[in-house]
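Only one structure is covered here, and it is reproduced in the block below.
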Ligand SMILES: NC(=O)c1ccc[n+]([C@@H]2O[C@H](COP(=O)([O-])OP(=O)(O)OC[C@H]3O[C@@H](n4cnc5c(N)ncnc54)[C@H](OP(=O)(O)O)[C@@H]3O)[C@@H](O)[C@H]2O)c1
């Protein structure tokens, strides 16, 4: 029996077991994937004893994505550049870790908007936390020409721009008018309106008419931000597909087969979020 899990604190909200156990069943793999609640003071012990626990690896979620980096023997270049991890796996008994959030975001855009080209285009990313860093890294790897990075706390946007260089331009959230006319991919990575009551005020009327609008949040499936974008006529991409696509690499590292993200899986998780969901 091959065993993996997701760790976080708290962890009972995680939908990752639904995703991985669906793939285990579908592919006929004798394995299991469960939730493990790991408080911050137990994180080091857990990550340095994965083989003792009988685990081949784990996903890492809030609040451990950044601190977990300290307890991993080898970080790949994505993890080093973003300073955050979500996937841990074993190689010759040693821990390795990566971040698959950026890949999950980009693959979801291509899943929902086939034919979209990252190369040579301009994105605006709202928010300068962990998911923002992972997405910026991935967009640059895929050839995005320029990324405007808007955040409430300017210093955080400046720090990220400092890591990625001149292709990333930091600006205040109040200054979106300047970059919107040339933005053809707009991404919300803030938790405004999700983790708190604050709703982002976004000048959609200034946004390039051919732009795609995406959110990394997925509860509710159509977030207040996506609702505003739809009302202004923009095609939207929800964050649920990112959650599904970011899980693919972890599954293949642990269980040895690359699973597929399907509409059936999407519908199953969407109904777990909103029982009345209709595809
Ligand atoms: N779909 C997926 O697979 C996936 C993957 C990863 C994360 N997520 C979701 O993405 C969201 C962000 O995650 P994260 O790890 O990047 O979070 P994070 O590191 O805590 O960053 C949160 C960002 O939101 C901004 N923010 C919070 N409240 C705000 C407000 N009222 N007005 C304006 N900006 C506000 C923060 O701005 P300041 O810097 O000014 O504080 C910060 O830039 C979470 O809800 C998470 O669940 C989804």
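All conditions but one from (1) under 14 Å from residue 249 (Cα atoms); (2) without any contact (Cβ under 8 Å) to a residue 40 or more places away in the chain apply to residue 94; the one that does not is (1). Residues considered: 240, 253. Of these, the only one that is under 23 Å from residue 138 (Cα atoms) and in contact with a strand residue (DSSP E or B) (Cβ under 6 Å, 6 or more places away or on another chain) is 253. Evaluating residue 219 against the criteria (1) without any contact (Cβ under 8 Å) to a residue 40 or more places away in the chain; (2) part of a loop (DSSP other than H, G, I, E, B) leaves one unmet condition, (1).
The set of residues in region 1-18 that are part of a loop (DSSP other than H, G, I, E, B) and in contact with a helix residue (DSSP H, G or I) (Cβ under 8 Å, 6 or more places away or on another chain) comprises 9, 15. Within region 28-50, the residues that satisfy the criterion of being assigned to a loop (DSSP other than H, G, I, E, B) and closer than 11 Å to residue 3 by Cβ are 30, 50. Residue check: residue 248 meets all listed conditions (1) free of Cβ contacts under 8 Å to residues at least 60 places away in the same chain; (2) farther than 15 Å from residue 126 by Cβ but one, namely (1). Can you pull out the residues in region 237-258 that are outside any helix (DSSP H, G or I) and either surrounded by 21 or more Cβ atoms within 10 Å (Cβ to Cβ) or outside the structural domain of residue 7 (by TED's automatic domain parsing) (or both)? 237, 238, 239 - these are the residues of region 237-258 that are outside any helix (DSSP H, G or I) and either surrounded by 21 or more Cβ atoms within 10 Å (Cβ to Cβ) or outside the structural domain of residue 7 (by TED's automatic domain parsing) (or both). Applying a threshold of 7 Å to beta carbon distances and a minimum spacing of six or more residues, or different chains, the list of pairs starting in region 126-146 at a residue that is assigned by TED's automatic domain parsing to the domain that holds residue 192 and on the phi > 0 side of the Ramachandran plot and ending at one that is more than 8 Å from the ligand (Cβ to nearest atom) and part of a helix (DSSP H, G or I) is empty.
The values are calculated or read from the model by the stated rules, or taken from the named source; none is laboratory data. Everything numeric in this text was worked out from a predicted model, so none of it was measured. Cβ: placed from backbone, ideal geometry, glycine included. Neighbour counts: every protein chain shown.
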